[in-house]
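The values are calculated or read from the model by the stated rules, or taken from the named source; none is laboratory data. These numbers come from a predicted model, not from an experiment. Please note: Cβ atoms are built from the backbone with ideal geometry, for glycine as well, and neighbour counts cover all protein chains shown. Keep in mind that these areas ignore ligands, DNA and RNA; they rest on the heavy atoms of the full protein, side chains included. Shrake-Rupley method; radii C 1.70, N 1.55, O 1.52, S 1.80 Å.
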Amino acid sequence: MTAEVNTRGSLRTRLALILTGGAAGLAVILFVVVRALSAQIAQQGQDNVLSASMSSILDSALVRDGRVSLDFPYSSLSMLTTDADDRVFYAIYEGEVLLSGYDDLTVPQGVTPDRSRFTTVAYKGEPVRLATGVRRLIGADGQRTVSVTIGQTQDALSNTLNAISRNVALLGIGFFVLATGLAVWAASFTSGQLRRLTTSVTRRGPQDLSPVSKPVPSEMVPLVGSLNTLMSRLDHTLTQSEDFIAEAAHRIRTPLATVRSHAEATLQRVDHAENRQALLSMVRAIDESSRAAGQLLDHAMVTFRAENLEKGEVDLEEVLRELVQRMSPIADMKDITLDLVAQDASVLHGDAILLQNAFRNLIDNALKYAPAETAVMIRVDGRKVTVCDGGPGFAMDEIHLLSGRFVRGKDTGHKVGSGLGLTIVQAVTTAHGGTMTLSNRPEGGACATVQF
Ligand SMILES: Nc1ncnc2c1ncn2[C@@H]1O[C@H](COP(=O)(O)OP(=O)(O)OP(=O)(O)O)[C@@H](O)[C@H]1O
Ligand SMILES: [Mg+2]
């Protein structure tokens, strides 16, 4: 039975989402920062060229015949040529008087000779970058101020920035894809640790309560620690209850044997039919209790040993031959013959005591439920042992229930039993990695097969 567990989200999905979200945020920040830096650097480049052009014009200014004249070289403007054919504008003023250039170009005011000024303005419907410089000239008639403003549209700069943005966007997308892949891998790897622990716990046999010894990441140590503590407590409790059952069964059986012998002795001396009947019922009840106590003891022993099988080489034929010999007196009392046929009998790597116990229960059933003067066939075929009898066989409607604890058939009559025999056989077979099958022979009679 699996207890229902409340689920809230998935650690793996949550981790992957957090990491992917982080990667997306980082990619956007990378894009914005790189683009801003590139814009700054590209602007700086344009400003440098504008400044060089403006300075070379300013340098050519001189006062000749009382007038300011500028004879700037062609290169002053040609250095502003760009791939995008950016347009160039200029305005040269002497004080407030335009000497040359565009009079509608907005020239920044208050520029001093020691520092050039760079501004971006809208001119003729386009953004234009302006560089303005001022120079003081000393003429015979005093000091004159010449200002030169050089402007350039920003098409080349925009093209460069767009190209950079495209590349940075591609880089950002690449980074995001890579980071997402890494995030999914990291999330799977982390949840894989949990999955491995789960597998190692679920793959255990039902009796395996040993602590988890596989190395786990430090974050999982508290969880595994609690799990180990729980299993050790469970193991302790189970061992205690098994010990208790074994002890209790033992303590019950001994006094019961005494009571039974007293009851039988009394039966010899009593003549009154009613008293005899009472004594017989008492003997039967004692037999039932004694059998139950014995089977309980065996069951506790099987449960306990199934966890730590004391394995050795077990010759199936030898074990069965010994059992047949030991059980022959009981068989003889019912005139039942025990036929053992072995063919290629295997030597099994298993727990001899448990296997013997299981086979004894099968033969015991055959002797108990088969009528007198019949034969019980015990066959060993490789790793398969079959015990068939000439009795009524299993009732088909309850055959699947018979290996359950304390389950007895409907038609057991007066036969003493506790319903634990087949449970023991099943437990021993399972502990040895085998299977038990119950069936009926076509000609009548029950067959119990254990295959290892
Ligand atoms: N050889 C058989 N022929 C017919 N029925 C059988 C045979 N073996 C077992 N059964 C049926 O299966 C039931 C369960 O068998 P099981 O050995 O577990 O218990 P039991 O024989 O009743 O008690 P005990 O624990 O003392 O062996 C029996 O009560 C009986 O009804
Ligand atoms: Mg039985």
If the requirement is being small (Gly, Ala, Ser), surrounded by fewer than 18 Cβ atoms within 10 Å (Cβ to Cβ) and in contact with a strand residue (DSSP E or B) (Cβ under 6 Å, 6 or more places away or on another chain), which of these qualifies: ALA375, ALA395?
ALA375
Within the bounds of the range 372-382, is there any residue that is among the polar types (S, T, N, Q), more than 16 Å from ligand 2 (Cβ to nearest atom) and under 30 Å from SER281 (Cα atoms)?
yes
I'd like to check something: does the range 211-225 contain any residue that is of a type in the set (Val, Ile, Thr) and closer than 29 Å to SER418 by Cβ?
no
Just give me the residues in the range 398-412 being farther than 15 Å from ALA427 by Cα and open to solvent by less than 40 Å² (accessible area, probe 1.4 Å), in sequence order.
GLU398, ILE399, GLY409, THR412
Search result, residues across the range 270-299 that are among the charged types (D, E, K, R) and either open to solvent by 60 Å² or more (accessible area, probe 1.4 Å) or on the phi > 0 side of the Ramachandran plot (or both)
ASP271, GLU274, ARG276, ARG284, ARG291
Being more than 55 Å from the chain's Cα centre (by Cα) and over 20 Å from SER53 (Cβ atoms) is the filter here, so list the residues in the range 140-164 that pass it.
ALA140, ASP141, GLY142, GLN143, ARG144
May I ask you to say which residue of ASP104, ASP114 is modelled with pLDDT under 90 and farther than 17 Å from LEU77 by Cα?
ASP114
Considering only residues of the range 395-441 that are farther than 24 Å from ARG305 by Cβ and within 13 Å of ligand 2 (Cβ to nearest atom), which is nearest to the chain's Cα centre (by Cα)?
ARG408
Output for the range 314-360, where each listed residue is surrounded by 13 or more Cβ atoms within 10 Å (Cβ to Cβ) and of a type in the set (Lys, Arg):
ARG321, LYS334, ARG360
Can you list the strands (runs of 3 or more DSSP E) found entirely within the range 356-452 that contain at least 2 residues being of a type in the set (Ser, Thr, Tyr) and free of Cβ contacts under 8 Å to residues at least 60 places away in the same chain?
435-440
Can you name the condition, by its number, that ALA23 falls short on among (1) surrounded by fewer than 18 Cβ atoms within 10 Å (Cβ to Cβ); (2) in a helix (DSSP H, G or I); (3) within 34 Å of the chain's Cα centre (by Cα)?
(1)
In this structure, is ALA265 surrounded by 13 or more Cβ atoms within 10 Å (Cβ to Cβ) and either touching a Pro at 6+ places or on another chain (Cβ under 9 Å) or on the phi < 0 side of the Ramachandran plot (or both)?
no
Report whether or not GLY433 is more than 9 Å from ligand 1 (Cβ to nearest atom), open to solvent by 20 Å² or more (accessible area, probe 1.4 Å), more than 30 Å from ARG203 (Cβ to Cβ) and not assigned by TED's automatic domain parsing to the domain that holds ALA292.
no
Going by what's in this entry, would ARG305 be described as open to solvent by less than 50 Å² (accessible area, probe 1.4 Å), basic (Lys, Arg), within 22 Å of ASP364 (Cβ to Cβ) and assigned to a helix (DSSP H, G or I)?
yes
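Every residue, every condition in (1) of a type in the set (A, V, I, L, M, F, W, C); (2) assigned by TED's automatic domain parsing to the domain that holds ALA36, yes or no:
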site	(1), (2)
SER78	no, yes
THR82	no, yes
LEU105	yes, yes
THR120	no, yes
LYS124	no, yes
ALA140	yes, yes
VAL146	yes, yes
VAL168	yes, no
Residues to consider are LEU230, LEU182; find the one that is closer than 30 Å to PHE31 by Cβ, open to solvent by 80 Å² or more (accessible area, probe 1.4 Å), outside any loop (DSSP other than H, G, I, E, B) and not small (Gly, Ala, Ser).
LEU182
